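Structure first, commentary second.
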Amino acid sequence: MQYRRAKTPGGTYFFTVVTFRRRKFLCEPDNVELLRAAFRTVKSAHPFTIDAFVLLPEHLHCIWTMPPGDHDYPMRWNAIKNYFTRHCPDALKLQPSPSQRRKRAQTIWQPRYWEHQIRDDRDFEKHCDYIHWNPVKHGLASDPGAWPYSSFHRYLRLGLYPPNWAALPETKEGGAYGE
């Protein structure tokens with residue numbers, strides 16, 4: 001099957017990546033470190049910028065900006081997922097179905113992911129807000145600052161959000177961003 005994906009060199013994209021069957025293992029400390037290693041390894045060979053990020057037990061959201069002249073984020077996601085899968089404990093790997101075995105599919109990640117090309121500054125801001133509010137939305141934290149696996153802390157440190165950001169009414173805007 002051929003999926004239509006935006007392919008703008010140097011573009012900025014929002015992603016949602018989900019574990020297979022939404023199993024909740026990503027926030028276990030060893031898996032957090034393994035995912036960090038996967039990102040570092042892929043970024044060192046194929047650079048891109050992570051503009052915003054949140055890791056939750058069974059999915060993650062992030063915004064990437066690709067280098068000028070480059071639009072190959074599918075290769076990068078494939079490499080990140082493969083690195084994690086190759087290095088994760090066997091206990092995380094479910095028995096693949098016969099169809100999955102024929103396709104050489106793994107059982108750590110859902111095979112696809114949600115992608116959205118960021119259109120403008122407002123779209124970028126909305127998606128950053130969505131990313132940073134996500135742990136609260138899912139009942140994992142009382143406020144974005146209480147969740148450790150998020151770029152929210154960097155945004156506060158850099159002054160990109162005011163200290164009272166989580167109390168502002170527009171923070172809680174709804175929206176379907178790939179979940």
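The values are calculated or read from the model by the stated rules, or taken from the named source; none is laboratory data. What you are looking at is a predicted structure, and each value in this text was computed from that prediction instead of being measured. Backbone-built Cβ (ideal geometry, glycine too); neighbour counts: all protein chains shown. Note: areas computed on protein heavy atoms with side chains; ligands, DNA, RNA excluded. Shrake-Rupley method; radii C 1.70, N 1.55, O 1.52, S 1.80 Å.
Just going by the charge dipole of the stretch 109-163, with Lys and Arg at +1 and Asp and Glu at -1 on Cβ, which of TYR130, TYR149, HIS116 is farthest out on the positive end?
TYR149
Straight-line reach from LYS137: which aspartates and glutamates fall under 18 Å, measuring Cα to Cα and dropping same-chain residues less than 8 apart?
GLU58, GLU125, ASP129, GLU170, GLU173, GLU179
Can you give the FRET efficiency to the nearest 0.05 for ARG5 and HIS46, using r as the Cβ-Cβ distance and R₀ = 22 Å?
Efficiency, rounded to the nearest 0.05: 0.85.
Taking the Cα centre of the stretch 1-62 as origin, work out the dipole magnitude from +1 charges on Lys and Arg Cβ and -1 charges on Asp and Glu Cβ, in debye rounded to 20.
Dipole size: approximately 320 debye.
Using DSSP to define loop residues, name the trypsin sites (Lys or Arg not before Pro) in the stretch 11-54 whose beta-carbon has at most 15 other beta-carbon atoms within 10 Å.
For trypsin sites (Lys or Arg not before Pro) across the stretch 11-54 that sit outside H, G, I, E and B with at most 15 neighbouring Cβ atoms in 10 Å, the list reads ARG23, LYS24.
Given points 7 Å out from each Cα along the Cα-Cβ axis, report the ARG86 to ARG122 separation in nanometres with one decimal.
That separation, rounded to one decimal, is 4.4 nm.
Compute, for LEU156, the solvent-accessible surface of its heavy atoms (probe 1.4 Å) with the complete set of protein chains present, and express it in square angstrom to the nearest 10.
Looks like 60 Å² after rounding.
Label-point separation (nm) for LEU140 and ARG154, each offset 7 Å from Cα along Cα-to-Cβ?
Simple spin-label model gives 1.7 nm for this pair.
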